Amino acid sequence: MKILLHICCAPCTIYPLSALRKEGHEVSGLFYNPNIHPYREYEKRAETLLTYARQVDMNIIWSKEYGMENFLRLVIHREQERCRYCYYERLKNAVLIAKEGNFEGFTTTLLYSRFQNHDLIRTIAENLAEEYGIKLVYRDFREGWAEGVKLSRKSGMYRQPYCGCIYSEKERFYPGVKVILPKGRLS
């Protein structure tokens, strides 16, 4: 089967690509991630994917634009639901490109991460597949999480420290309120 694999980053691609190829599928990638912020982070992830794609001989379809502003417009004042909007926008783009490119099906590396809302991603992908008449090639790629992490570290691949959006960056790095303990130590 000719499959379009939406890719969030290179490390998350290792296991899904391997699993799909072992099943005999012809896989091409799509890098469309307007949620990634700041732009330097977006560039690091894109460069890492480009290097990896060359190593494993995988074609990648690249978005021509960095649509951060549109992503922010979608989620502003809906921060608690930002992941739903983010998943939907990226997967809808993948479905449209898969249809246009005559792919037989699509899937996403978002189904690999243990840190994403797997059930929500699956539901959105299933709904889009039905709406646009293209097959979702569903796999629970989380079973290969440890293997993918091990291989990405072994290869020295850039591994991002947060999901991608400005909100996830804040959640990861913002220290919050510091409590001053006796003798001037911080908690």
Single condition residue 160 does not satisfy, out of (1) of a type in the set (S, T, N, Q); (2) within 15 Å of the chain's Cα centre (by Cα); (3) at pLDDT below 95; (4) assigned to a helix (DSSP H, G or I):
(4)
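So, in region 42-54, of the ones that are of a type in the set (Ser, Thr, Tyr) and farther than 11 Å from residue 164 by Cα, which residue ends up surrounded by the fewest Cβ atoms within 10 Å (Cβ to Cβ)? Let's see the steps before the verdict.
Here is the first cut: in region 42-54, the ones of a type in the set (Ser, Thr, Tyr) are 42, 48, 51-52.
Checking the rest, the ones that are also farther than 11 Å from residue 164 by Cα come to 48, 51-52.
Numbers: 48: 19, 51: 13, 52: 23.
The selected residue is 51.
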Looking at region 3-14, is at least one residue under 28 Å from residue 146 (Cβ atoms) and over 13 Å from the mean Cα position of the chain (by Cα)?
yes
Hey, could you check region 55-75 for residues that are in contact with a strand residue (DSSP E or B) (Cβ under 9 Å, 6 or more places away or on another chain) and polar (S, T, N, Q) and say which is surrounded by the most Cβ atoms within 10 Å (Cβ to Cβ)?
63
Checked region 107-140 for anything under 20 Å from residue 2 (Cα atoms) and either acidic (Asp, Glu) or at pLDDT below 95 (or both); matches are 126, 130, 131, 140
Which of the residues spanning region 6-41 are crowded, with 19+ Cβ neighbours inside 10 Å, part of a helix (DSSP H, G or I) and among the hydroxyl-bearing types (Ser, Thr, Tyr)?
13, 15
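Inside region 81-104, can you point out the residues that are basic (Lys, Arg) and within 15 Å of residue 70 (Cβ to Cβ)?
82, 90, 92
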What tally of residues in region 63-106 results from selecting those that are of a type outside the set (D, E, K, R), at pLDDT 95 or above, under 26 Å from residue 11 (Cα atoms) and not in a helix (DSSP H, G or I)?
4
Reported set for region 134-176 where residues are closer than 25 Å to residue 66 by Cα and among the hydrophobic types (A, V, I, L, M, F, W, C) is 157, 163, 165, 166, 173
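The values are calculated or read from the model by the stated rules, or taken from the named source; none is laboratory data. Owing to the predicted nature of the structure, the values given are computational and were not obtained by experimental measurement. Here the Cβ is made from the backbone with ideal geometry for all residues, glycine too, and neighbour counts use every protein chain on show.
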